[in-house]
Amino acid sequence: MIELSGVSKTFPGRRGPVHAVDSVDLSVPKGTIHGVVGQSGAGKSTLIRCVNMLERPDAGSVQVSGQELTTLSPAALRTARRHIGMIFQHFNLLSSRTVAGNIALSMELAGIPARPDRIEELAEIVGLHGRLHEHPSRLSGGQKQRVGIARALATNPAVLLADEATSALDPATTDQVLALLRRLNAQLGLTILLITHEMGVVRNICQSASLMENGRLVESGVVADLVGHPGSVLAERLFPLVTEESPDHGWMLDLAITSPLPVGDLSLRHRCEVTLLAGSVEQRGGTRGRVRILVRGVSDREAFLDDLKRVGAVVNHSHGGDSA
Ligand SMILES: Nc1ncnc2c1ncn2[C@@H]1O[C@H](COP(=O)(O)OP(=O)(O)OP(=O)(O)O)[C@@H](O)[C@H]1O
Ligand SMILES: [Mg+2]
């Protein structure tokens, strides 16, 4: 659906050229949600702006829905952009227009009729029914972002780009907007590429994610797979394991899990004591995460490890000796 290959963008800077995006390859399958995380200045906004050609890459290929965008004429690009919606951190609404007027604007710009019934339908989809005639100044941040989403959906896009779309919102409002994005993904099959500095956003709604540093994607993959990669920085940040102190005896294991870990069952079967020391797990959209367990009194470690494999847990790290 979104296919980037060798995409680069360099800006002239005071102290020489800035390689904002540097040879990025990225593939986001249709109907999935991909998150790009990274520090300020990593190049996230430049990357997402390359996807709809708000920023023209110096090199590389950008394909959306099978169409190469870098070689399109300005007129063809305008048409192609209708299939790519975008939402922003500060909503970018026109304060002089009502909710309905803001939604209509995006249709007017795309040259499609701004039918009142369609505007009403869009307001309904994003949960803004009955607010169509208010001005943005009367709305909360979450409601403003809902207008932003309705406006982005007005041209029936297949792809939605979100640049820090929840960064200006409080945690509860963030959760509501993320729930809306998840629903649009499920109901409309919308493919979503979002960038964020909040790991919680990725944990909450992304099937796959990338970590961006200095213009490059240094890690990329399906979240459930990444957690199973020992040494994955992204997994570490997404599912941090915090323990007060490591116990000085016992066998300590860091596990990546993609289904609930049957701790009781394991301890019964191996007649040992299994203690949960730390865990960071996401349950929405299927279990995934990491846990740290302490195992005491196990007689056959190999059998225990086989059993972990059987229940789908991957050992990222193992530490400590036998003890009773
Ligand atoms: N139009 C521009 N002209 C010159 N330099 C730019 C331009 N846009 C971005 N840059 C530079 O490119 C680099 C990447 O910027 P970008 O805005 O993509 O980062 P970001 O990851 O989105 O950061 P943030 O998290 O703060 O939004 C930065 O060094 C920035 O100063
Ligand atoms: Mg940015």
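Here are some notes:
- For the range 30-76, a residue qualifies if it is within 10 Å of ligand 1 (Cβ to nearest atom) and more than 14 Å from residue 210 (Cα to Cα), and the qualifying residues are 40, 41, 46, 49, 50, 55.
- Any pair with Cβ under 6 angstrom, 6 or more apart, that starts in the range 189-216 at a residue that is among the basic types (Lys, Arg) and open to solvent by 10 Å² or more (accessible area, probe 1.4 Å) and ends at one that is more than 14 Å from ligand 2 (Cβ to nearest atom) and outside any loop (DSSP other than H, G, I, E, B): 203/238; 203/282; 216/22
- Residue 85 being away from ligand 2 (no atom under 16 Å from the Cβ) and touching a Cys at 6+ places or on another chain (Cβ under 9 Å): no
- Scan of the range 30-47 for residues that are more than 11 Å from ligand 2 (Cβ to nearest atom) and more than 12 Å from residue 206 (Cα to Cα), ordered by number: 30
- Evaluated against (1) assigned to a loop (DSSP other than H, G, I, E, B); (2) in contact (Cβ under 8 Å) with a residue 40 or more places away in the chain; (3) within 16 Å of ligand 2 (Cβ to nearest atom), residue 54 falls short on exactly one condition, (2).
- Restricted to strands (runs of 3 or more DSSP E) entirely inside the range 271-320, those with at least 3 residues that are open to solvent by 40 Å² or more (accessible area, probe 1.4 Å) and closer than 14 Å to residue 252 by Cβ are 273-282, 314-319.
- Any hit, the range 68-77, residues being assigned to a helix (DSSP H, G or I), open to solvent by 70 Å² or more (accessible area, probe 1.4 Å) and away from ligand 2 (no atom under 15 Å from the Cβ): yes
- Here residue 92 clears all of (1) open to solvent by 70 Å² or more (accessible area, probe 1.4 Å); (2) without any contact (Cβ under 8 Å) to a residue 40 or more places away in the chain; (3) part of a loop (DSSP other than H, G, I, E, B) except the condition numbered (2).
- For the range 245-273, a residue qualifies if it is in contact with a strand residue (DSSP E or B) (Cβ under 9 Å, 6 or more places away or on another chain) and farther than 16 Å from residue 314 by Cα, and the qualifying residues are 246, 247, 249, 250, 264, 267, 270, 272, 273.
- In the range 210-231, the qualifying residues are those that are in a loop (DSSP other than H, G, I, E, B) and more than 16 Å from ligand 2 (Cβ to nearest atom), and the one that is nearest to residue 197 (Cα to Cα) is 227.
- Where residue 169 falls short, out of the listed (1) open to solvent by 10 Å² or more (accessible area, probe 1.4 Å); (2) farther than 17 Å from residue 282 by Cβ; (3) of a type outside the set (Lys, Arg); (4) outside any loop (DSSP other than H, G, I, E, B): (4)
- Meets criteria (farther than 30 Å from residue 29 by Cβ, free of Cβ contacts under 8 Å to residues at least 60 places away in the same chain and among the β-branched types (Val, Ile, Thr)) for residue 98: yes
- Of the residues in the range 112-122, none is in contact (Cβ under 8 Å) with a residue 40 or more places away in the chain, out of contact with any Asp or Glu (no Cβ under 9 Å at 6 or more places or on another chain), in a loop (DSSP other than H, G, I, E, B) and within 16 Å of ligand 1 (Cβ to nearest atom).
The values are calculated or read from the model by the stated rules, or taken from the named source; none is laboratory data. All of these numbers come straight from a predicted model, not from anything done at the bench. Here Cβ is always computed from backbone atoms with ideal geometry, including for glycine, and neighbour counts include all displayed protein chains. These area figures cover heavy atoms from the full protein model, side chains too; ligands, DNA and RNA do not enter into them. Shrake-Rupley method; radii C 1.70, N 1.55, O 1.52, S 1.80 Å.
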